[in-house]
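Below is one structure; the comments refer to it alone.
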Amino acid sequence: MGNLYASLRSKLPLEYLKGKRSISDHMNEATNYIRDLQERVQELNEKRDRLRNMPNSATPDIVSRNRCTPDIVTVRPCCGGVVEVLISSGLRNDEFPLSRVLRLMVDQGFCIFSCFSNTVNERSLHTIQSEVSDLGTVDLSGLQQMLTDFLASSSS
């Protein structure tokens, strides 16, 4: 029983244990905690249902519009000779030519050390960080235009 009690007590958040000393008090707080969790789950279920029923929820029409929106490329310098390329694309991650974008940057002399991809609201977001020896010799707007043109030609 002592092990079971210790296990139960370890699962309770601190706010349910404050000032309580007896086993029966902890058992009572455990039931309060379970009741609070059940209420929270119910609230979240109701919120989910409300969001699903909203007229602006992701419908096929919105998804198809996102796929038609052009890719957005942003190139910006960061501290320490780092160049960050941000790409927002209407294509899914499995459709986006990321390896070809990386190859293009490497061919232009960029040393890529980080690449992250994520999907948000039916858009693929890619963050590529690369290192250059001298930021003054890099044409960032030219790189941005080259990547924009490349992605436009890849999607057609």
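What the table below lists for this structure:
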read-out: Residue tally, condition surrounded by 10 or more Cβ atoms within 10 Å (Cβ to Cβ) and either assigned to a loop (DSSP other than H, G, I, E, B) or in contact (Cβ under 8 Å) with a residue 40 or more places away in the chain (or both), over the range 8-51; value: 4
read-out: Which numbered condition Asp139 misses (of (1) under 19 Å from Pro70 (Cβ atoms); (2) out of contact with any strand residue (DSSP E or B) (no Cβ under 8 Å at 6 or more places or on another chain); (3) not aromatic (Phe, Trp, Tyr)); value: (1)
read-out: Selected residue (criterion: farthest from Ser154 (Cα to Cα)) from residues of the range 55-79 that are part of a loop (DSSP other than H, G, I, E, B) and at pLDDT 75 or above; value: Cys79
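The values are calculated or read from the model by the stated rules, or taken from the named source; none is laboratory data. Every value quoted in this text rests on a predicted model; they were computed, and no experiment measured them. Don't worry about glycine lacking a Cβ; one is built from the backbone with ideal geometry, like all the others, and counts go over all protein chains shown.
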